[in-house]
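A.B. asks: One structure is given below, represented as C-alpha cells, and several questions about it will come after.
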Amino acid sequence: MTTSNVFREYAEEFERRLRLKTFPIAVKMLEKEGDIPQGATRPKRDLGYHLATCQGFAMSRREGTVVAMLKEDMWCSESVIGFGLAEPPQYFLDGYSRYPDDNASLEAGSTWAHEFPRFEAGKYVGIVSSPLATANFEPDVIILYCDSTQLKVLLSAAAWREGYELTCTVSGKGACVYAVVPVMQHGRCQVTVPCAGDKRFAMSQDCEMIFAAPHAKTEELLVALRHLDKHGLQLPLSYMMMPEYELRESYAKIGKMMGMDIDRGKKSTIKKW
C-alpha cells in the first residue's frame, strides 16, 4: 500500500470513529525551501498577503488546502519565534509580548517568554500543513480539532497501551506553537486550547480543542480507538440520567472492596463491559 493510501485510510478512520467536523491535518517542519511539497500554496506569493499559522491550519482543515509558510509568509511573530525561523529579539524575552495586556508585570511577561516552547533558531525555514488524507509528505505531527467528548475518547486512546495519563503544559496563547513544538520535542501527545488569534482570525469554535500527536503514534492511537470502540466508548455516546446506573464489573468489584453499597441485590446494576 502506498504512503498516500495509508494516510487516506488513517484520516478516514479518525473521521469515522470520532465524527470530526473538520479534516485531520498533517503538519511538517521544513528544513529547507526545497522540502516544500509540490502544489502547496504560499500565502505571500500565491495569495498576495501574509497569514498567521492558525489561518494556514484553518485552510487545511476546512478547505483541504496544502499551505506552506516560510517567515516571509507569516503575520504572527510568536509563531516565527516558536518555530525557530528567527532569533527572538530581546524585547520579546524582556516580556513585552505579553505585558501589559496579558501579564501583571514585565517580570511575569518575561517568565512567559522564557517558558514559551521554541525550536532552536535556524533549524527550520518553515512549516507546511495539509489534510492528512491527501498529504504528499511524511508529517511530523497529526492535529485534530475536536470537541470535549471527542477529546475524552482521544485521551483514553493515548493512555490505553501503557496506562499513563497525558500530562502537558496548557496555555491560552500561541496555540499553533503549543500544538507542534512540544509534540516534536518530547515525542508525546499534546492538548492545546485555541488561542485568541485562532478564534478571532482562524474561526476556531467555542467548542473546539486541539489534540496533537507525533505521527509515529498515529497507528497506535487508531489501534486504541478500535479497542475502545468494542468496549462501549464509541461515538456518539449514549446518554442517561438515572440513579444507580449500570456499572462496569471492575468498578463494582472495586467499590465493594472499599465497602461501598454497590450490589443491593440488583443484578442489573453490574454490567460486563
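A.B. asks: Count charges around LEU166 for me, please; just the other residues with Cβ under 14 Å from its Cβ, Lys/Arg as +1, Asp/Glu as -1.
C.D. replies: +1
A.B. asks: Turning to a different aspect of this structure: In the chain, how does Rg compare with the Kirkwood Rh, expressed as the Rg/Rh ratio over alpha carbon atoms?
C.D. replies: Rg/Rh: 1.05.
A.B. asks: Given a cut-off of under 8 Å on Cα pairs at least six residues apart, what relative contact order in percent is computed for the chain?
C.D. replies: 20 percent
A.B. asks: Which value, in Å to one decimal place, does the Kirkwood hydrodynamic radius take for region 55-204 when every pair of different Cα atoms is included?
C.D. replies: 16.6 Å
A.B. asks: Once the dipole of the chain is set up with Lys and Arg at +1 and Asp and Glu at -1 on Cβ about the Cα centre, which of ALA108, PRO24, HIS186 lies farthest towards its positive end?
C.D. replies: PRO24
A.B. asks: Treating only the Cβ of Lys, Arg, Asp and Glu as charged (+1, +1, -1, -1), what charge dipole size does the chain show about its Cα centre? Round to the nearest 20 debye.
C.D. replies: With Lys and Arg at +1 and Asp and Glu at -1, about 1040 debye.
A.B. asks: Only Cα pairs under 8 Å and at least 6 apart count here; give the relative contact order of region 30-152 as a rounded whole percent.
C.D. replies: 30 percent
A.B. asks: Less than 12 Å Cβ to Cβ from PHE92, Lys/Arg counted +1 and Asp/Glu -1: what total charge do the surrounding residues give?
C.D. replies: Summing Lys/Arg as +1 and Asp/Glu as -1 gives -1.
None of the figures in this text is laboratory data; all of them are computed from the coordinates on show. No experiment lies behind these values; they were computed from the predicted model shown. Neighbour counts run over all protein chains shown; Cβ positions are idealised from the backbone, glycine included.
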